[in-house]
Amino acid sequence: MKPYEATVIHAEMFGKDKHDHDDTEICCDGCGIEYTLTDYRTLKENKKLVYFLYEDFLVCHGCLFDEIKRHIPLGGEVKLRVLDYDARYFLNFGEEGYNIEDELG
Ligand SMILES: [Zn+2]
């Protein structure tokens, strides 16, 4: 089965020329959690929150993982391919949670 795919959102991807300042807010399309880019940068650095682009949605990691978990087959796993700039890795979701595997591994 083709893995699901999501792209990590970085605060610096929001070009300064397109937005007035760092207080531009980004919002999860799933749960509505909303932060300014400044706060997001801090949260992400501290591994508290990551937003992803998934299909056409901007979603927080909580909503993304919930969505992916709905596709776990009984006793099986689903793979999420994560694109993070030049890095690529898989998150394998099973009934016990998830683990990370790099693309070559
Ligand atoms: Zn969310």
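The values are calculated or read from the model by the stated rules, or taken from the named source; none is laboratory data. This structure is a prediction, so every number in the text was calculated from the model and none was measured. Neighbour counts run over all protein chains shown; Cβ positions are idealised from the backbone, glycine included.
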What single numbered condition from (1) outside any loop (DSSP other than H, G, I, E, B); (2) touching a helix residue (DSSP H, G or I) at 6+ places or on another chain (Cβ under 9 Å) fails to hold for D29?
-> (1)
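Just a yes or no: is a residue in the stretch 46-69 on the phi < 0 side of the Ramachandran plot, over 14 Å from the mean Cα position of the chain (by Cα) and modelled with pLDDT of 95 or more? Working first, answer last.
Pass one, the stretch 46-69, residues on the phi < 0 side of the Ramachandran plot: 46, 48-54, 56-69.
From what's left, over 14 Å from the mean Cα position of the chain (by Cα): 46.
Checking which are modelled with pLDDT of 95 or more leaves us with 46.
Yes, the stretch 46-69 contains at least one residue that is on the phi < 0 side of the Ramachandran plot, over 14 Å from the mean Cα position of the chain (by Cα) and modelled with pLDDT of 95 or more.
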So which residues in the stretch 72-105 are surrounded by 13 or more Cβ atoms within 10 Å (Cβ to Cβ) and over 16 Å from the mean Cα position of the chain (by Cα), if there are any at all?
-> I72, E77, G94
Filter the stretch 22-59 for residues that are within 15 Å of D84 (Cβ to Cβ) and surrounded by fewer than 15 Cβ atoms within 10 Å (Cβ to Cβ); the one that is farthest from the ligand (Cβ to nearest atom) is E45
Scan the stretch 43-69 and report the pairs whose first residue is under 10 Å from I9 (Cα atoms) and touching a residue at least 40 places away in the same chain (Cβ under 8 Å) and whose second residue is more than 13 Å from the ligand (Cβ to nearest atom) and not in a strand (DSSP E or B), with Cβ atoms within less than 6 Å and a gap of 6+ or a chain change.
-> V50/K44
